[in-house]
Each structure stands twice: as C-alpha cells, then as structure tokens.
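Structure, as structure tokens:
The values are calculated or read from the model by the stated rules, or taken from the named source; none is laboratory data. The structure displayed is predicted, hence computed values, not measured ones. Neighbour counts are summed over all protein chains in view; Cβ atoms, including those assigned to glycine, are modelled from backbone coordinates with ideal geometry. Please note that ligands, DNA and RNA were not included when accessible areas were found on the heavy atoms of the full protein model with its side chains. Shrake-Rupley method; radii C 1.70, N 1.55, O 1.52, S 1.80 Å.
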Amino acid sequence: MATKKVEMVVAPKPAHFVGDGFRVHNFIPGVSGMDMKRMDPFIMLDYNSKFHFNGTENPRGVGVHPHRGFETVTIAYQGKVQHHDSAGGGGIIGQGDVQWMTAAKGVLHKEYHETDWAKEGGIFQMVQLWVNLPSKDKMSNPKYQSIKNSEMKNVDLGENGLVEIIAGSYKDEKGPATTFSPVHMMNAKLKKGGKAAFDFPANFNTAALVIEGSILVNGEEKVKTDHLALFKNEGENFTIEATEDAIVLIISGQPLNEPIYPHGPFVMNSREEIIQAFEDYNLGKFGYLAD
C-alpha cells in the first residue's frame, strides 16, 4: 500500500476565548484549506493549548447554548470540565477522560471548569471536536458517552510507548466510543525515538495534532508542539516518530459527502432545516436549562 503523505503542516492561529473558560486555537474550519467540506466529517476543531488559569470562586466557562445536527467530543488533557444539559444529563470530564455528546435533534448545554479545580486553578489543556452526523441521524435522540481514561483500549508499543484508542480501531483493537459513521480517534503517547505506524483508507480525512513534544512524520516532515499535520487523500500508511516525548491526537474519518449547512450552533443539510432549528429553539423544544 502507498504512503499517506502530509499535505501541509499548520501552525496554531492566534487564540481567542470561548466564554471566559476556554482559550482556543481554531483549526477547523478557520484554517485555509481545512474547511468543513475538506475535513468532513470533522466540522470543527478547537484546541485549548496549555494555559494557566488563576483560582476563582466562580468557575469560568460557557453559559447555556443550543446544539443540533452533530456531536461534540471533548478530550481533557489537563484540568477538569463540568457540564449540564436540558435533558438532565451532566458530569465531570476528568484529566485524560473524554465526553462524547450527541446533540442530534437538539439540546441546551453549558460547560465550565469543575468547581474544586476552578478554586485551585492550574494548567488547562483541552480539545473539542465537532463530528457531523449523517442526515438520517441528525434528528435522533440526544445522548452522552462518558468515557473514562481507564476504559480506553491501550495498544502497547513496548519501549516506543502506547496508542490510546477513543474511537475506531488500531491494530485490531477497538475504542469504547460508538459512532454514526466510520471515525477513528486516538492518542499516540510516544517516548523519545518511539515510532508508531497508522493505516487508514485513502479517502478518509486524516490529521495529527501534536499535543506534547514534537514528531517526524514519514521520516521527513517535522511537526512541533501545538501544530497540526493534515494528510493528503492519497495512500493509506504513515508513520510518526517522537523526536522528544510526545502526545499526538490522531483523527481519521470517512466523509459523509452530504450537503453541509452550518449556522452558529446548528449544522444541518439545508437552509430550511436551519430555519426550522431556530424555530424549534425559540419555541422551547430544546428544553430548559438554567444559566
């Protein structure tokens, strides 16, 4: 099989705040060449690189907001996030954990720094991905998958490190998250000099975000901390080698190849569906959630 080569290496854009609790660099769709259609089914990627928050009695975060038509995936690398929704769901995303929220037909949601963590403050580091839903599933019922780090499948690479699977598969091992379309999501945790090989279909949209350290892709492309490597839709195999201890988020997904019509917190297939989403929201069909 042919090598999947790097299309471009992307530096983080200037950070901006989402609410007052998330200082993020947007890669999808904000980077030229990484719009929603190019990265389908990944329609948003915000990366909160390491940032120190001082302690506070009033936890920082994002107030009540609606979602419809997609899933949000929050990966906690450092810090803790607490969340609640209009369906009565809620919980704490601890360090190393993942929350996979299927907004589907509609939910009100709020997320903020976990109360005790907020009082102490510290280094905060997170990724939030939006994964689009197939048109047939956009109006399904909302749900959560709360995935503890201990529940993730680890593939031991010996002295090289390990690969921690969130969704999809690696070397015939499967991650705990269920998905509506083929999606692979995993953390490669490599020791300096450690290597890992990956194999995804040529047409899958694939990227690697360096959370810690630095890597060499296919023995030639250098990717530094907080930078992202976007792969071409050619070839299947690629390798990464840690030039220092590294953590790398690998994402790869099969494009849905359906119309994408986004507007703020809603991502549907047509303008008419967006109008309907706003009407349903204004009519209170997303439920109620106190701010």
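Proximity of backbone amide H atoms, modeled 1.01 Å from N, is registered between residue 268 and 261, 263 at under 5 Å, excluding neighbours fewer than 5 places apart on the same chain.
Subtracting the Cα-Cα distance of residue 282 and residue 202 from 0.36 nm times their residue separation leaves 24.6 nm of extension gain. Take every pair of alpha-carbon atoms less than 8 Å apart whose residues are at least six positions apart; their mean separation over the length of the chain yields a relative contact order of 21 percent. Computed over protein heavy atoms with a 1.4 Å probe, the accessible surface of the stretch 6-253 works out to 39 Å² per residue.
Annotation: lysines with alpha-carbon distance below 20 angstrom to residue 192 (same-chain offsets under eight excluded): 222, 224. For the stretch 6-253, pairs of C-alpha atoms spaced more than 26 angstrom apart make up 36 percent of the total.
Gain on full extension, evaluated as 0.36 nm per residue between residue 65 and residue 225 minus their Cα-Cα distance, stands at 54.5 nm. Could you work out the percent of alpha carbon pairs in the stretch 105-247 separated by over 24 Å, rounded to a whole number? Within the stretch 105-247, distances greater than 24 Å cover 41 percent of Cα pairs. In order along the stretch 72-79, phi translates into HN-Hα couplings of 10, 10, 10, 10, 9, 9, 9, x Hz, rounded to whole numbers, per the Karplus curve 6.51 cos²θ - 1.76 cosθ + 1.60 with θ = phi - 60° and x for Gly and Pro. Whenever you get a sec, compute what percent of the accessible area on the chain sits on carbon and sulfur atoms (1.4 Å probe). Answer for the chain: carbon and sulfur cover 48 percent of the accessible area.
Under 15 Å from a label point set 7 Å out along the Cα-to-Cβ vector of residue 123, the amide N atoms of the stretch 13-49 belong to 48-49. Amide hydrogen proximity for residue 161: with H placed 1.01 Å from N in the peptide plane, the residues at 5 or more positions away or on another chain lying under 5 Å are 191.
Placing a label point 7 Å from the Cα of residue 116 along the Cα-to-Cβ direction, no residue of the stretch 81-102 has a backbone N closer than 11 Å. Approximating the spin labels as points 7 Å out from Cα along Cα→Cβ, the residue 275-to-residue 237 distance works out to 5.3 nm. Helix-only arithmetic for the chain: the sum of -39500 (n - 2.57) across DSSP H runs with n ≥ 4, divided by the residue total, places the mean residue ellipticity at 222 nm at -2000 deg cm²/dmol. From the alpha carbon centroid of the stretch 270-291 to that of the stretch 166-245 is 37 Å.
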